[in-house]
Each structure stands twice: as C-alpha cells, then as structure tokens.
Amino acid sequence: MTKNFLLEIGTEEIPAHVMPLILVQLKDLAEKYFKDARISAGEFQTLGTPRRISLLVKNVAESQADVEEEKRGPSVKIAVDAKGNYTKAAIGFARGQKISPEDLITRDGYIYAVVHESGKKTTEILQTLLPKMICDLTFPNNMHWGSLDFKFIRPIRWLVSLFGDEVIPFEVASVCSGRISRGHRVLSQGEFTVNSADSYVSDCEKNFVIVDQNQRRAMITAQIEAVAKERGGKAEISEELLEEVLYLVEYPTALSGDFEIKYLNLPPEAVITPMRDHQRYFPVKDLDGKLMPIFVTVRNGGRDYLDIVQHGNERVLKARLEDAQFFFNEDRKKNLDEHREKLKTVVFQEGLGSVYEKTQRLVKLSEKIADLLGEKVSADERKNAIRAAEISKADLVTGMVTEFTELQGVMGREYAKLDGENSEVAAAIDEHYMPRFAGDSQPKTTAGKILSFADKIDNIVATFSRGLVPTGSQDPFALRRQALGIVNLLTAANWSIHLSEIVCLAMDLLKVTDKVGREKIQNDFAEFMKLRVKNVLSPSTRYDVIDSVIDDVDDIFALTLKAHALEQFLATPDAVKNVQSFVRVGNLAKKAESDEIDEKLITLEAEQVLYKAFEAIEVVAGELIDKKDFIGALDALKKLSAPIDSFFDSVMVMDENLEIRKNRLALLKSVDNLFKKIADFGKLVVI
C-alpha cells in the first residue's frame, strides 16, 4: 500500500527572488532523504507562494524496504578451535550482530553473519526526518526570532504534515505540525483544515490560495493578455518580471490602469523602467509596437474594489513618471559633452582615478582596437567608436540615470540622438554595456562592438591591477560576465585580435609600470579568459579538443576555429593513425635543445624524406594558418604522417654521435612546433 505525503511550511512573506531556488533545494533534499531512508516513493513536487513552501510526494510506501546485509567477521583460524567449536571471538561477533552463533556461515576462510533488518513504518521515520530536512534548508539570508536559536529565511508560523490523512507529529522552532493551514490574508476566513495530502491543492484553492506555481503562472499570463487585449493592445510580458510577480501573489487578479499621454513624449525606456522595474507593472503596446498610455498590474486578491486599486496604482505611477519628466527636462539643459565634465568628480575605482579618466582610456583603447582590426573597420566606424567612447559615460551623472540606474547607456543613447550625434554613435553608447545579463544580445554596430570590447578590457585589467581577481563565488565587479562577453563578441564578430596587445595598452594607460606586476596581470588575464573560453566551447566541443588548443588564448577567435577544425579532422578515417604519429614526434621533441637544423647532418634517406616533406608543408601550412584556414592546414599536416612513421622505423634518433642526435631531435622539434601552431596533439584522447 502507498499514500501521498504532504509537508507545508507556513511563513511570513518570503522574498520573491529566492523562492524558485528554495523549491528546487527542497525537492533535491527530499529525494535524497527518502532514498537514504529506504522509503520508496513516486513523483516529488514542490509548490510555493509568498507564505508557504510545500512538498507533495506521490505513492509513498507505508514502511521502509527490508534490508539484508552480509557482514564479515574474524577468520576461521580465529573463530573455530581445533575441535570445530566456535571460539569466544566468533560468539562475540554473533552477539554483536544480534544473531545466534548457529546462524553464522563460513566462506573464503572467514565467518559471516547475515543480518536481516525489517523496515520501520514510514510515519515513524518521518517524525525525525522532517525536522532535519527543514533545518538543512539554506538561504542567502536568515532570520531568528524571539528567544530561539533556530534560523530560517522568515519566521515559521505553521506546519502541516500529512501521510495520507494521518498527521505526522513533529516540532520545529516551537511550532508543532498538524493539519491546520492558513488561507489568503484578506479573502479567506483565516485558518482552514487540510483533510489529506490528496485534497491539499483543492483545499488551498477553496481558501483563495493557488498553491501550484505553474497553475498560478498560467492564470497570471492569461489574465494579463486578456486585460491588454480588452484595451486594444498587447502586454509586454518579460519572464523576469513574471517570475517575480508569480511569488508576490497567492490569488492573482490582473487589472489595467492609465497614465497621461504626455509622458509618451519621453523615451520609451524612461516610461517602461519606472513602470516595470519599480512598480512591477506590465507595459502595453499597440499592434505597431508603440507604447500605449496603459499598464497592466496584478493584485494579490479578488475582483472587489478594483476601481480603488486601479486609482491607487495610477497615482503611484504618476508620481514616478513626474520624476522622470522632471529629470529629463533638467538633463536636457546640458548636452552630453557638458555632462561629461562632471565625471571628473566621480571615482571609478579606489586608486584608479575618475570616470572621466576612464573615458580617456576608452578613447585610446578604441583607437588601438580599430587599428588592429585594420580593413575590417572603416574610417567612419573608427571615428564613431572614438566619439562614442568620449561621451559613453556622460549619462551616469544625469538626473535620470541617478534616479533610475537601470537606464545607464539607454539614456546616453537617447540624449546623444537629441544632441545630433549620428545613429551609430548613439547606439554604441547603449551597446557598450552589452551583454547586461545572461542571455542578453551582443552589440550590433561596429562602433558598439569596439567600445564594448574596450570597456570590458579596461574594467578587467583595472580590477586585476588592484589585486582583485575573482575567486570562488566572489565576483563583485561582474568580471566573469564581462569576460564571457569578450569571448562571445570576438567569436560572433569573427575578429582575430591579440588580447595581450590590448591588455598591454590598458596597463600603460592605467600607469602599471612594475614589470613583475605587469607579467602577473597578463598571466591572470590569460588564465581568467581560459576558463571563459572553456565555458563557451564545452557544451558542443570535446573536452580533450578544448584542452589541446586552450594553452594560447591570445587570439580567441582563432582558438575557436582551431577547435572546430580539429573536431572535423578527428572524424576522418585516418585521424587516429595521424594523431599517433604526431604524438610520437612531440614525445621525443621534448628532449631537443633547439630547433636549429644542420642540413649537412641529414644523411639517411628516411630523415631526408621527412625533412624535405616538412620544408614543403611548413610553407603551405603556414600560409593556411595565417589565413585562419585550420581545416586546410590539418589536411596539409597529415601528409607528414607517412614520412614520420618511416623516419621512426628506419632512423635511430638517439644516435651515439651527439651532433647527429641533436640534429635529429631538432628536426622533430621543428615538426612539433608546426603542429603546435594548431594544437597539442598529445592531449587528444584517441583509441
């Protein structure tokens, strides 16, 4: 027989942003605890609202599974005397296992006890298991209340624990479990009885609590879309905002509101940001994608007094939009160049000067990047990148961005347009912060890409120069995200560029002059980028392929091309044979003192064949590598496989003549150096 099990932890309102993580954690813990306790169960489901964390487990066995375990005791020599009787050692072992000595068995020179343990009732086990499981939940921040030492994310107010319709009694934080839950704060009568684990969801709904977050999400989405449609528009539902609203309400009801049309004269983001990020309202757009003077919000309650709720929300939003209008008007009294002067009073990082000085560095870095890219960047694009760098941070000191920090870059773009800057300069100011978050898009304009690259390099090098290299989970300056942005930017743009040159200039501009310090920054930067490149490549690329090309991250785009070319190469019929030949070369090349070859010392036919083949292929492969045609280069290199095999079959590399030995090792070293321009083949796993 099986029954369904319910655990509900009732609390004060839990912050919305942590609820998804709590529910995942509770499910993982429950699955582990049930498994460790040998309690058979079906599906584990976690449910949650702002005031409750719930666990539903289907088809839970009424008792533990029985267990039979064989335990080894002393050897027969010790356990049995000369007359064949059990010794005190054997009798003591049997007593310790709680069996009769007659039940012992002999095998392989030892005695064994077969111990059978009957499973306990599930209700008995859960009484001790559930308090431990609740206590093992971890949170970003904890609270403790009253005189209790117990800590939890919010005070626990009630506990429901039912196995079928039977209460599992236990106590946590002076709260005893039972079958009494609490409904919606306003709409319900307060406490209500949960009849059984099977009726939990419906019992909650009768008391105006939609406890299943998936059901609640579907309700919220459908209601928002319906309300917006009634008003002649379409709601812009962002997943991030929907997830937050989801864990702010227990019984959702969507409603719309209006704001004055005059606010639509502001840039759309200046209206949407206070609406969405500050008030948690969903903006509404018409069929052409233009913002309408309408918003949709979700209340935690029913449909009573919606007109009063609507009026209250409209008043709050009006105050926010009035602030936005005021700041916008004040900001427009100066152009971005005038705002830029104020950056001289804003500190970038401790000991690294002002943000104004940072913009000067961005100008120099943008110039360098554009020059290194050569023909890939036109004169106009170079000019636009430099101009965007000059005013890229000017909006940070505007009233609008000071009040609504989420608008950095966005307001710079809008103010640049109003100042008469061209569209690429304006776009670059916004784009240079991209990606702002995981999944965000990359810059689209060339100027935006250059400036984004420059800004991220400056941020990373500047922070590293202070000795603040991210470790573990600590990354207060979001340098990992910025480094990933560099990797994705370079690969998406097909930009082959040497990072060490950019880092070197960044250190010059930051006035890092200590030689040891500069070398450390270069090394730290390279190691930091290696991990980011691995993160980008690993989902689709073999780990050994990544390891074989990752040592040199100076040109990230070239590195990714090498990895993709190598995977194609490894799929060819003779790949294993070719790699084995290349690896033999690498193994002996490690013993070479130099790669200087004396042609006069090459006397045997097999080494002459290899040398001439190498000379010819070195030129061809070198040209292909310069063109980043690594697939073609590998096709050329595999032609060395046969001469290499013949060389090893016919030539004694470690010749007694020291000069000949050095020369043959130098030949192998030269061949290996050519191979390593693409990969370290010794790190590949081939069978």
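The values are calculated or read from the model by the stated rules, or taken from the named source; none is laboratory data. This structure is a prediction, so every number in the text was calculated from the model and none was measured. Please note: Cβ atoms are built from the backbone with ideal geometry, for glycine as well, and neighbour counts cover all protein chains shown. Side chains included, ligands, DNA and RNA excluded: accessible areas come from the protein's heavy atoms. Shrake-Rupley method; radii C 1.70, N 1.55, O 1.52, S 1.80 Å.
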Quick P(r) readout (the range 213-331; Cα-Cα; 5 Å bins; whole %) gives 2, 12, 23, 24, 20, 11, 5, 2, 1, 0
Computed from every Cα-Cα pair in the range 338-537, P(r) in 10 Å bins starting at 0 and rounded to whole percents is 9, 37, 39, 15, 1
Which entries in K383/K456; K612/K683; K376/K577; K393/K628 show an alpha-carbon gap greater than 31 Å? K376/K577; K393/K628
Per residue, accessible area of the range 67-117 with a 1.4 Å probe, heavy atoms of protein chains only, in Å², comes to 70 Å²
What's the local net charge at N59, with K and R +1, D and E -1, over the other residues with C-beta under 11 Å away? 0
Two-decimal Rg/Rh across the range 67-117, once Rg and the Kirkwood Rh are taken from alpha-carbon atoms: 0.95
With the contact rule set at Cα under 8 Å and sequence spacing of 6 or more, what percent relative contact order holds for the chain? 7 percent
Whole-Hz Karplus ³J(HN,Hα) for the range 509-516, in order, using 6.51 cos²θ - 1.76 cosθ + 1.60 and θ = phi - 60°, x for Gly and Pro? 5, 8, 6, 8, 10, 5, 4, 5
Taking the mean number of other Cβ atoms within 10 Å as a proxy for protection, how do you rank 242-254, 333-345 from highest to lowest? 242-254, 333-345
The pairs in K318/K444; K639/K677; K342/K520; K449/K530 lying past 25 Å Cα-Cα in this model are K318/K444; K342/K520
Setting aside same-chain residues fewer than 8 positions from K262, which aspartates and glutamates have a Cα under 16 Å from its Cα? E314, E322, D323
Relative contact order of the range 26-108, please, whole-number percent, based on alpha carbon pairs below 8 angstrom and at least 6 residues apart. 18 percent
In terms of modelled amide H atoms, which long-range or inter-chain residues lie less than 5 Å from the amide H of G178? L159, V160, S161
Taking all protein chains together and a probe of 1.4 Å, list L658, L187 from the most accessible to the least accessible. L658, L187
Scan around Q442 for amide H atoms under 5 Å from its own, H built in the peptide plane at 1.01 Å from N, and keep only partners 5 or more places away or cross-chain. none
Separation of the T138 and T603 label points, Cα + 7 Å toward Cβ, nm: 6.9 nm
In Hz, Karplus ³J(HN,Hα) per residue of the range 43-50 (6.51, -1.76, 1.60; θ = phi - 60°; x = Gly, Pro): 6, 9, 9, 10, 10, x, 9, x
Cα centroids of the range 220-285 and the range 7-50: how far apart, whole angstrom? 31 Å
Give the cross-link partners of K234 among the lysines, using a straight C-alpha distance below 17 Å as the criterion and excluding same-chain residues fewer than 8 apart. K285, K290
With a 1.4 Å probe and all protein chains left in place, how much of the accessible area of the chain comes from carbon and sulfur atoms, in whole percent? 50 percent
Probe 1.4 Å, heavy atoms of protein chains only: per residue, the accessible area of the range 338-537 in Å² is 42 Å²
Theoretical FRET efficiency, 1/(1+(r/R0)^6), r = Cβ-Cβ of V536 and K444, R0 22 Å, to 0.05: 0.65
Can you compute the helix-only [θ] at 222 nm over the chain? Use -39500 (n - 2.57) per DSSP H run of at least 4 residues, normalise by all residues, nearest 500 deg cm²/dmol. -15500 deg cm²/dmol
Return a whole-number percent for the relative contact order of the range 109-158, with Cα pairs under 8 Å and 6 or more residues apart as the contact set. 20 percent
Per residue of the range 129-135, in order, report the coupling 6.51 cos²θ - 1.76 cosθ + 1.60 (Karplus, θ = phi - 60°) as ³J(HN,Hα) in whole Hz, putting x for Gly and Pro. 6, 5, x, 5, 5, 5, 5
Along each principal axis, Cα extent of the chain, largest first, Å: 109, 99, 46
Nonlocal amide H pairs with V80, under 5 Å, H built at 1.01 Å: T87
Less than 11 Å Cβ to Cβ from L241, Lys/Arg counted +1 and Asp/Glu -1: what total charge do the surrounding residues give? -4
When all alpha-carbon pairs of the range 93-202 are counted, what percent fall beyond 26 Å? 46 percent
